[in-house]
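> Below is the structure I would like to discuss, written out as structure tokens.
Values quoted throughout were computed directly from the atomic coordinates according to the rules given, and no laboratory measurement underlies them. Keep in mind it's a predicted model, so treat the numbers as computed, not measured. Methodologically, a virtual Cβ is constructed for each residue, glycine included, from the backbone with ideal geometry; neighbour enumeration extends over all protein chains shown.
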Amino acid sequence: MGTRRQGREFALQVLYQMDIAGLEPRQALALFWQNFEPNADTRQFTTELVEGVWQERERIDRLIADATEHWRLGRLARVDLNLLRLATYELLAYPHIAPGVTINEAIEIARRYCSDEAPMFVNGVLDRIATLIGKKAQSHGQTS
């Protein structure tokens with residue numbers, strides 16, 4: 001598994017932990033790193049994602065709410081919501097990563113951690129968010 005994929009999966013797990021336990025990033029990351037010892041690049045990417053989602057969560061949640069017309073955020077499964085938050089932050093904060101790469105990574109993570117219907121839902125929501133923020137989803141061409 002690549003550094004970024006593992007970082008994304010770790011970030012999802014930390015964000016979920018924060019959401020369920022009401023922890024702040026430093027607390028959740030400290031607990032998480034007690035159980036995992038990734039390489040420095042994975043640890044840095046995970047930390048950047050978690051802290052970025054935390055700092056931008058109001059903006060991110062507004063974008064998700066706008067993209068999920070008939071769903072309240074509280075109705076979304078916690079894992080799905082945190083995966084959408086993670087990918088939305090990546091769309092906003094990492095211009096060197098193609099939107100299609102971010103979306104495809106989120107779909108693959110949804111296949112691993114979410115319900116059978118989640119990958120299609122995640123794809124639709126993130127594609128809409130990419131459109132809302134002015135990024136055309138492209139699935140080829142840039143790094144993951």
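> Among (1) within 22 Å of Leu91 (Cα to Cα); (2) surrounded by 13 or more Cβ atoms within 10 Å (Cβ to Cβ), where does Glu58 come up short?
It is condition (2) that Glu58 fails.
> Next up: Of the conditions (1) farther than 23 Å from Gly2 by Cα; (2) outside any helix (DSSP H, G or I); (3) not β-branched (Val, Ile, Thr), Asp127 satisfies every one except a single condition; which number is it?
Failed condition: (2).
> Consider only pairs whose beta carbons are under 7 Å apart and that are at least six residues apart or on different chains; among these, list those whose first residue lies in segment 66-78 and is in contact (Cβ under 8 Å) with a residue 24 or more places away in the chain and whose second residue is surrounded by 15 or more Cβ atoms within 10 Å (Cβ to Cβ) and of a type outside the set (A, V, I, L, M, F, W, C).
Sorted first by the residue in segment 66-78, then by its partner, the pairs are Ala67/Arg128; Arg78/Tyr16; Arg78/Asp19.
> Being surrounded by 16 or more Cβ atoms within 10 Å (Cβ to Cβ) and either closer than 20 Å to Gln13 by Cα or within 14 Å of the chain's Cα centre (by Cα) (or both): is that true of Thr88 here?
Yes; evaluated as a whole, the condition is true for this residue.
> Quick one: which helices (runs of 4 or more DSSP H) sit completely within segment 1-104 and have at least 3 residues that are farther than 16 Å from Val122 by Cα?
The qualifying helices (runs of 4 or more DSSP H) are 3-21, 25-33, 40-67.
> For segment 7-28, how many residues meet the condition of being over 12 Å from the mean Cα position of the chain (by Cα) and within 20 Å of Asp80 (Cα to Cα)?
10
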